[in-house]
Every structure is written in C-alpha cells, then in structure tokens.
C-alpha cells in the first residue's frame, strides 16, 4: 500500500510517499480502508523535531481516519465488515497517512446515517476535545446563558466547534484569530458576537471594550504562548481559563497564585488527555450532534495523500481555515 513515512525529523519535505506493508489486525483490531485522514497542528510539531510525543523513526504520521472496515482481527464479528467508520489509529508508528490503517475496535465509531464521511473524520480529534472542554466549563458554572466566552484560535478546527457550542448554550462569544479571512469565518459562518485580531496591537483593549466589566467568564485558549498569557488578564474574577493550546510555541505560562487571588479556575491540557474509554462516547455525541445539524466542523482544505507535505506547510504558515484533511484514494 501507499503511505507517507518520516525517516528523519525536519521540514515538510521529510514526508515521503513510500510503499508500506499492509497492516495485519490482531485480537480486538480491524483494518480501515482509509478514505480521509485528519491533519492537525500537533503532527507538524512532531514531524519537525519530535516535540511532545517523539515517535521512533521511521513512522507514518496521523492519528485519525475515516473509511470502511476491511480486514478483521480473529475475534471481531463479521457484522463489522464494510461498515463506514471513523476512528483513532492503533499504532503511533503506522498512522493515518496511508491507504490502510490499524484500529482498536473499541475506538471505532460508526458514521451516523445522513452524515458524510469527511465531516465525520473532521470530528475524530476535535469533537471529543470540544465536548469535554464545553462540559467542564458548563459543570463549573462559568459557561451559562449570557456569559462572555473568549475563544482563541477560533477559526481552527477545535475553536470553530467551541464557538458553536458556546453560542448554542446561550453564551456571548468573542472569537479571536489572525487575519480577515479567519475573522469573517468566525462571525459570518459560526455566529460569533464579536471578533478580534490578536495579531494587531491593542487587541485585548478591544476585547475589554466589547465585554465590559467584570470581564470574560470563560477563556478557551487554543493559541497559548504570549497570546494566551495576555488573554488571562481578561478573565473575570471567579472565571475559568482553559490553557489547552500550544500552536504559538508552548502553552500559556500562568501564575497559579495570581489565578487564586482572583478565584480563577485554571485548567490545562490534562483535561483533554482522554483514554479511549473516555473519548469514544464524546466522539459519538459529537457525531450525533453533527448528524442532527447542530454542530458543523469547518473543513477548510483537503489535499491528496501525496501532498501531505503541502498540507503541513499550509498549516505551519497559518494559511488554513478550520480542519485540514488528506484524501486517500
């Protein structure tokens, strides 16, 4: 089968099209005939220098696929054969950027009737994360009708879902992103109440002018770094700050004592480090909401499998909107 392999860390051109052996399913596993693979920013960071989760070289990137069940493990019932599914991949060394991928059957979700496969694939990574972040903010009492919610990286795959979930809950949303295209998407298509470009000086002042006192009740920080740190100062007393994003180079560095003094609840990446047993029902819920028309991932661009390097380059250049997928033929 054809796939994309990384034999050394580096620039996008280390993503090479190669011939790979077909995966062989063991007990509890199945092979997915891949139609679409999700591409996320974290994968570009790992490819560059092995950041966060360094895999052993060589490896096939990608952690999420959509397609049909092909070969089955010895203990998997024949009813799974040919079903249209989405899933995380089972092996960090042989991932999603290939014609076939291995999956643990416990992570596989059947695509609901009426939902197209690209949309379902676009929810595998970000759907469970968005639902968990949303649920935590609601259960904490911060995200409620009329509350102000600030979403950083609002035009990305995860941010777009959080804008929609917050708006559906009756909150008022300020969507922060970089550039007119992303701001237009957040306001015109996702329904944000206000938008701000955090690439421009004084962006926090514009947020303050919009939300007034006491400030923002919930911050979903999908940007990290200095942008996230600046957003922390906008958080209202008793509010919630979720520091789960790091595309700017690292997670926002926040002072726990300063947060405690303002009674701000700090939540980090640990809240979305989900086990398969935790992620599966959250993904199923996101798929159900999408099938019902209440949640829509934004798929901004799709590249052929052979152009995986172009997909990585576009993401790193901040040229992409919403989700990026690879189409696998």
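Here, each number is a calculation from the coordinates, and none is a lab measurement. In this text the structure is predicted, and so the values were computed from the model without any measurement. With ideal geometry, Cβ positions are generated from the backbone for all residues, glycine too; neighbour counts draw on all protein chains shown.
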With label points built 7 Å along Cα→Cβ from the Cα atoms of residue 56 and residue 301, find their separation and express it in nm. 3.4
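Compute the FRET efficiency between residue 139 and residue 49 as 1/(1 + (r/R0)^6), taking r as their Cβ-Cβ distance and R0 = 35 Å, and round to the nearest 0.05. If you can, show how the numbers build up before the last one.
Numbers: r = 37 Å, r/R0 = 1.05.
With a Förster radius of 35 Å, E is 0.45.
Could you sort the peptides 144-151, 33-40 by per-residue average Cβ neighbour count (10 Å cutoff), highest mean leading?
Numbers: 144-151: 21.1, 33-40: 25.1.
Per-residue mean Cβ counts within 10 Å order the peptides as 33-40, 144-151.
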I'm checking a number: the convex hull volume of the Cα atoms of region 1-64, normalised per residue, in Å³. What is it? 105
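Looking only at the chain, where both bridge partners belong to it, what percent of the DSSP beta bridges are antiparallel (to the nearest 5)? Numbers along the way, then the final one.
Details: 30 of 57 bridges.
DSSP beta bridges in the chain are roughly 55 percent antiparallel.
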Given a cut-off of under 8 Å on Cα pairs at least six residues apart, what relative contact order in percent is computed for region 167-303? 14
Pairing the Cα long axis of helix 126-139 with the longest principal axis of the chain, what angle in degrees results, from 0 to 90 and rounded to the nearest 10? 40
Expected 222 nm ellipticity per residue - DSSP helices of 4 or more, -39500 (n - 2.57), all of the chain, to 500: -8000 deg cm²/dmol
Among DSSP beta bridges whose residues both lie in region 22-177, state the antiparallel percentage, nearest 5. 75
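If R0 is 30 Å, what FRET efficiency do you get for residue 110 and residue 24 from their C-beta distance, rounded to 0.05? Intermediate values should be presented prior to the final figure.
Details: r = 23 Å, r/R0 = 0.77.
Computed FRET efficiency for residue 110 and residue 24 comes out at 0.85.
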For the chain: relative contact order, % (alpha-carbon pairs under 8 angstrom, 6 or more apart): 18
Among the DSSP beta bridges whose two residues both lie in region 218-329, what percent are antiparallel, rounded to the nearest 5? 10
Log10 I(q)/I(0) at q = 0.10, 0.25 Å⁻¹ for region 152-234, from Debye over equal alpha-carbon scatterers, is -0.19, -1.37
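With the cut-off at 26 Å, report for region 1-157 the share of all Cα pairs above it, as a whole percent. Could the numbers behind the result be given before it?
On the way: 4327 of 12246 pairs.
Here the tail beyond 26 Å accounts for 35 percent of pairs.
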How big is the chain on each of its three principal axes, counting only the C-alpha atoms and giving the largest first in Å? 60, 39, 37
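Test of understanding: what is the full-extension gain from residue 16 to residue 260, defined as 0.36 nm times their sequence separation minus their Cα-Cα distance? Numbers along the way, then the final one.
Numbers: separation 244, 0.36 × 244 = 87.84 nm, distance 4.85 nm.
Extra length available between residue 16 and residue 260 comes to 83.0 nm.
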Taking the Cα atoms of region 126-272, what is the range of coordinates along each of the three principal axes, in descending order and whole Å? 37, 31, 30
